[in-house]
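Remarks on the structure that follows.
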Amino acid sequence: MPTHPTLGNWIALITLGLLWGASFLGVALALQAFGPLTVAAGRITLALVALVAVALVLRLRLPGLRAPQERRIWGFALAMGLLSNALPFFLLAWAQQHVTSGFAGVSMAAIPLFVMGLAHFLIPGEAMTRLKVAGFALGLIGVMVLIGPGALARSGAAAEPLARVLCFAAAASYACGAIVTRRCPQVHPLAFSVIALLAASAMILPVALWVEGVPALPAEATPLLALVYLGLGSTAAATLLLVGVIRSAGPSFLSQVNYHVPVWSVLLGAVVLGEVLPPQFLLAAGLILGGLALSRFRGRRALA
C-alpha cells in the first residue's frame, strides 16, 4: 500500500521532472542524425550498460528464474520494459517528427489521468477522491496555460493525425507501466530496473538494427551527445528514481511529474537557449503547484 510521500519522494519527483523536461529537446536533437527506432534503442541500451555497471560495483544479485516469486518479478519486469521503455520511447520519437512540441507536452500531461483511473481499481489505497480529481484537473489546466494557444496547433504534416493518436498511446503505455511497477513483488529497485531495461533492449534493439541498420556516426557531435544524455540521464537515472518513487509513494504520486515536465522544459529553454519566459509562466506554475497540493490533500472520502 502506498505511503504518504516523504521529502525524499518529493525531491525525486522534482528531479524526474528536470530529467524528463530536457528529454523532448534531447529527442529532437538526436532525430537530426538518427531514426526513431535507433533513438529509442540507443537510449535504452546506454541506460542498461550504465545500470549493469552500477549493479556490478555494488555486487547486486539479480532475481533468478527458479523460485516462483522470482519468475513473477521477471514477468513484471518484462511488462515494465515494454510499457515504460521500449513502446513509448519509440512512439514518441516517431510522433515528434510530425507533431508540434506543444501537443506532445499536452499529451504527456494526460498520463496522471490515465493512472488515476487505473489505480482506482487496481492499487489498494489509490482510490479517487473529489479533491484528487480536482487537483489533477487544475494541474492539467496549468499545463495548457503554460504552453499557451499553440498547445493544440497543427504542424501540417501529412502523418500528424496518426502521430497525435500515438502520443496518447504512449501516455497510456506509461500509465500501464506505472501500475505494473507498483504491483510487482518486493525487489531491489536497481535489480528491477536492470532486468526491465534488459527486457526492453532485447525487444527493441534487434528491430532497430533490422529496420534502420547500424547507425553511422553523425558529422556533428550534438545528436550523439543528445543520445548519450537520453540514455544516462532521461533513462538510466530516471528509471531508478521512477521505480523507487512508485514502490514507496505509489503511481498516482509519481504520475504528477508529467505536470512538472513542461515547466522544466520552458525553464531550460530560458536558461540554456536564452529563450524568453512566456508571460503566463508564473500563473501556470501556480496552477500546477496548486493542483499538486490539492490532489495530495488527505482525509477525503473516495468516490464510489
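Key figures for this structure:
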| read-out | value |
| --- | --- |
| Using a Förster distance of 25 Å, the FRET efficiency for Val165-Ala202 (Cβ separation, nearest 0.05) | 0.40 |
| Under 5 Å, built H, 5+ apart or other chain: amide partners of His98 | none |
| FRET efficiency for Glu220 and Arg130, using Cβ-Cβ distance with R0 set to 45 Å, rounded to 0.05 | 0.30 |
| Under-5 Å amide H pairs with Thr129, H placed in peptide plane, nonlocal only | Leu303 |
| Alpha-carbon centroid distance for the pair the stretch 6-21 / the stretch 162-178, whole angstrom | 22 Å |
| Cleavage-rule hits (trypsin sites (Lys or Arg not before Pro)) in the stretch 1-105: DSSP loop, at most 13 neighbouring Cβ within 10 angstrom | Arg59, Arg61, Arg66 |
| Vicinal HN-Hα couplings computed from phi for the stretch 133-142 (Karplus, 6.51 cos²θ - 1.76 cosθ + 1.60; Hz; Gly/Pro x) | 4, 5, x, 5, 5, 5, x, 5, 4, x |
| Calculated from backbone phi, Karplus (6.51, -1.76, 1.60) coupling profile of the stretch 165-172 in Hz, x at Gly/Pro | 4, 5, 4, 6, 5, 5, 4, 5 |
| For the stretch 250-264, Karplus couplings with θ = phi - 60° (6.51, -1.76, 1.60), whole Hz, Gly/Pro x | x, x, 5, 4, 4, 4, 5, 4, 6, 7, 6, 3, x, 4, 5 |
| Peptide ranges 210-220, 179-189 listed from the most packed, as the mean C-beta count within 10 angstrom indicates | 179-189, 210-220 |
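Read-outs: derived from the displayed coordinates by stated rules, not from any lab. Remember, predicted model here, so these are calculated numbers, not experimental data. Neighbour counts run over all protein chains shown; Cβ positions are idealised from the backbone, glycine included.
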